[in-house]
Amino acid sequence: MRIPMTEYLAIDLDSERWLCRVCEHDMGNARGNYKEGTLVYDRDPREIHPSILDPEKYEYTFAPDPLFCRILEFYCPGCGTQIETEYTPPGHPPTVDMIWDIDALKKQWAEREGDPETLVNYGPGENAIAEPRTAHSHSHSHAQH
Ligand SMILES: [Zn+2]
């Protein structure tokens with residue numbers, strides 16, 4: 001059973017592996033950090049946020065200082081989809097943004113009905129929801145005052 005975890009990442013509960021949702025590339029042990037299975041592009045932040053003022057004339061140009069900030073971009077090695085980005089100090093290792101209790105996920109989904117890939121929608125769009133919800137039944141009053 002594959003559980004969508006982000007727009008581009010899923011966890012296969014049977015194999016306990018992180019998978020790319022675009023190409024199904026195996027990104028590593030689902031009990032660990034998926035970023036270890038990605039390609040990392042260590043970017044100079046000035047490429048993303050260029051100077052607004054002339055750097056020849058001004059010390060501070062509204063561009064991030066590459067001596068204090070790097071932008072790490074994480075890509076799927078299978079299909080090249082950008083999965084995540086983060087701002088870190090130079091030399092800082094990739095952060096750990098998700099560690100899941102796989103045993104609890106297995107228990108939770110064993111008790112649910114339905115296909116997680118249709119129940120959980122992290123994709124873009126106004127109908128994207130993070131968790132399956134039950135329809136709420138209370139009524140609203142729209143009386144004008
Ligand atoms: Zn992929």
Return the loop-located trypsin sites (Lys or Arg not before Pro) in the range 44-73 (DSSP other than H, G, I, E, B) with at most 11 other Cβ atoms within 10 Å of their own Cβ; answer none if there are none.
K57
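Can you give me the relative contact order of the range 2-119 as a percent, contacts being Cα pairs under 8 Å and 6 or more apart?
Details: 192 pairs, mean separation 26.9, N = 118.
Once divided by the residue count of the range 2-119, the mean separation gives 23 percent.
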Would you list, by chain and number, the lysines whose Cα falls below 24 Å from the Cα of K35, excluding same-chain residues fewer than 8 positions away?
K106
Test of understanding: ordering L13, L19 by Cβ neighbours within 10 Å, fewest first, what list do you get?
L13, L19
Taking amide H positions as placed in the peptide plane 1.01 Å from N, state which residues far from N121 in sequence (5 or more) or on other chains have amide H under 5 Å from it.
I129
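What number does the range 2-119 give for Rg over Rh if you use C-alpha atoms and the Kirkwood radius?
Answer for the range 2-119: 1.13.
Only the coordinates and a few stated rules stand behind these numbers; no lab work does. These numbers were taken from a predicted model, which means no experiment stands behind them. Quick reminder, even Gly has a Cβ in these numbers, built from the backbone with ideal geometry, and neighbours come from all protein chains shown.
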